[in-house]
Amino acid sequence: HPHVSHLIAAAPAAAVRATKMPGQQNGTNGQAAARVAERSRSPRGDKAVDMDLMDGHSAKEIFETKMSMSGYTYDDLICMPGHINFGVHDVQVHGNFTRKIKLKTPVVSSPMDTVTEAKMAIAMALEGGIGVIHTNLSVEDQAKEVMKVKKYESGFIMDPVCIPPTMLLSDLDAIREKTGFSGYPVTEDGRMGSKLLGLVTKRDADFVRERSSTRVCSIMTKLDQLVTAEEGTDLQAANQILKESKKGKLPVVSKEKRLVALMSRADLQKNADYPNATKDKSKSLMVAAAVGTRPADKDRVRTLVAAGVDAIIVDSSQGDSVFQQELVRWMKQEFPELQVVAGNVVTKRQAKNLIDCGADALRVGMGIGSICTTQEVCACGRAQASAVYNVAKYAHTRGVPILADGGISSPGHIVKALCLGAGAAMCGSLLAGTEETPGEYFYAENGVRLKRYRGMGSIDAMKKGSDDRYFGANTSLKVAQGVSGTVQDKGSVHRYIPYLVQGIKHGMQDMGASSVEELRRQLYGGELRFELRSAAAQREGGVTGSTASRGNCSLRELGLDENAASTTRG
């Protein structure tokens, strides 16, 4: 048939054209093929790969498409594994607290009155993070908490606890139990700056039986038997004297033998035990403190700055207010070197307004804490994964880090926060119940050891002053935006934080990122891939049963069992 013959004749030529390489094609078809080839190149390098092998979706596809009408939480997402070409020990988890404050551990303790005071802030700084002293304290008491942190490990102890020579050993025992120190300088009037008479340590008093009648002067090591350093001795020289003398304490005295400072061997050991500690230029531990947005809080800021605070967090559930904007501007004008963390925010517009005022970091999260009910009560807020990604992406263009505040109940959530652009994660419930949190332990009827934990929007916390955080200081009727409850004992932060860090490192290794900077590069380059999880997928990926264990350590022992906490409204 003539038509069939025509098709047969044309077929070989068409086949030849179809088998030509993109470089052999001309015109529009060649350009289109080149674009396809370019799109098929992997972000990892020049090696071309089939786009069909790129599983999951980029964060941009999930959070920024016009059809994206849902807010996503951490549990809604799962990260796709990447290529591993390094060991877990090579992973660097260094993060950013503010523009100028870097952290070797991207974890921040929340400014809650059942989470962070001096003891927690000290532990967090030693472990490479930072603590934020809560604002439910008087100005003077909050400043004292800040000073405790700043003077804890500054090489020289400038305000050691001094005792008079007439003190009874029974009174010394009470002081030792209260302060936790083992050695005390003995001065003429029991005050710093007076003439040094001697030093009393635990070994001096251990074997004395008549403690209610024996005075310190009878058992102390007298001044002429002590190794001392002269006023003006630098830190390096003082360290050398301690090492050579093999003593536990080194008093620093003036020419008149007045006590000027004290140095402790324990500080040298801390430097060795905590190489990741967050310190300032003078080797003091770094600490932040929270303030409200009332006019009187300007005086609080002045007092905290005088106490040596490194950063101020403006503590507000909704940060985009004229009150906070005015306070942030004032702080940056009055104290240009002071690092200011503004918030809380969950939208790009809120972020822009506060960054324009000079904020050095943003706190992201609204109504998503384990004991926060703002979304339920006020119908306002945002799902945390969506909030972190959108705010972090905008803040990144302005050079401002963000803190993912709330919704963190496992190391995996910290990893996801970092994957979405956060510089660090702020944790409350995750750290509640540790030894370093304020409050006393008590036992439940079933014998479980517990500590109290409450949201700053609970009625209990509001009665102590946190109602200003929710703009309710002048209202007679208070509406709870949080709950009070209990959490199970988790042991010391010094054992708990290393566990969290190791979990973060393993997560980042699985994704093929050896640093937080690399993780962020993959995020904004589209190389880091995510997938949305159904409810069934979330159940499948979780742990069923409160006694399930990972390895040799149960979730209940690590404090990660959600059923271990109980809460009460208000």
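The values are calculated or read from the model by the stated rules, or taken from the named source; none is laboratory data. Computed from a prediction, not measured in an experiment: that's the story for all the values here. In this analysis, Cβ positions are derived from the backbone assuming ideal geometry, glycine residues included, and neighbour counts consider all displayed protein chains. Heads up: the accessible areas ignore ligands, DNA and RNA and are worked out on the full protein's heavy atoms, side chains in. Shrake-Rupley method; radii C 1.70, N 1.55, O 1.52, S 1.80 Å.
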Q) Hey, what's region 272-412 come to in accessible area per residue, 1.4 Å probe, Å²? A) 37 Å²
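What's the FRET efficiency of A537 with E231 using the Cβ-Cβ distance as r and R₀ = 60 Å, to the nearest 0.05?
Details: r = 66 Å, r/R0 = 1.11.
Efficiency at R0 = 60 Å is approximately 0.35.
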Q: May I ask you to order 163-176, 120-133 by the average number of other C-beta atoms within 10 Å around their residues, highest value first?
A: 120-133, 163-176
(Q) Cross-link candidates for K243: which aspartates and glutamates have Cα within less than 19 Å, leaving aside residues fewer than 8 places away along the same chain? (A) E153, E230, E231, D234, D267, D273
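If the chain between R521 and R211 were fully stretched, how many nm would it gain, using 0.36 nm times the residue separation less the Cα-Cα distance?
On the way: separation 310, 0.36 × 310 = 111.60 nm, distance 6.43 nm.
Fully extending the segment from R521 to R211 adds 105.2 nm.
Of K148/K202; K298/K451; K283/K505, which sit over 24 Å apart, Cα to Cα? Please list the in-between numbers first.
Working: K148/K202 22 Å; K298/K451 33 Å; K283/K505 27 Å.
Over 24 Å Cα-Cα: K298/K451; K283/K505.
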Q.
Once you place label points 7 Å from the Cα toward the Cβ at S70 and R191, how far apart are they in nm?
A. 6.8 nm
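What does the accessible area per residue of region 135-268 come to in Å², with a 1.4 Å probe and no ligands, DNA or RNA counted? The partial results should precede the final answer.
Values: 7390 Å² over 134 residues.
For region 135-268, the per-residue accessible area is 55 Å².
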**Q.** Packing rank of 181-191, 302-312, 439-449, where each peptide gets the mean count of other beta carbons within 10 Å, highest leading
**A.** 302-312, 181-191, 439-449
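Tell me the net charge near L338. Cut-off is 12 Å between Cβ atoms, L338 excluded, with +1 for each Lys or Arg and -1 for each Asp or Glu. Let's see the in-between values first.
On the way: positive: R99, K100, R302, K332; negative: D310, E334, E337, D360.
Local charge sum for L338: 0.
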Q: Grab the Cα-Cα distance for Q92 and C378, subtract it from 0.36 nm times how many residues apart they are, and report the gain in nm with one decimal.
A: 99.0 nm
(Q) Using 0.36 nm times the number of residues separating S218 and S254, minus their current alpha carbon distance, what extension gain do you get? (A) 10.5 nm
(Q) Over 19 Å between Cα atoms: which of K151/K195; K222/K249; K102/K281; K102/K279; K150/K332; K151/K281 fall into that group? (A) K151/K195; K150/K332
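Around S534, under 14 Å between beta carbons, what's the net of Lys plus Arg minus Asp minus Glu among the other residues? Show your work: numbers first, answer last.
Values: positive: R533, R539; negative: D75, D76, E531, E540.
That sum, taken over residues with Cβ under 14 Å, equals -2.
I'd like the carbon and sulfur percentage of the solvent accessible area for region 149-287, probe radius 1.4 Å, heavy atoms only, ligands and nucleic acids excluded.
48 percent
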Q: With a point put 7 Å past each Cα toward its Cβ, work out how far R203 is from F442 in nm, to one decimal.
A: 4.2 nm
**Q.** Bridge type composition, region 248-368 - antiparallel percent by DSSP, nearest 5
**A.** 35 percent
Q | Local net charge near D206, Cβ-Cβ under 12 Å (Lys/Arg +1, Asp/Glu -1) | A | +3
Q. Which order, highest average first, do 88-96, 315-323 follow once you tally other Cβ atoms within 10 Å for each residue and take the mean per peptide?
A. 315-323, 88-96
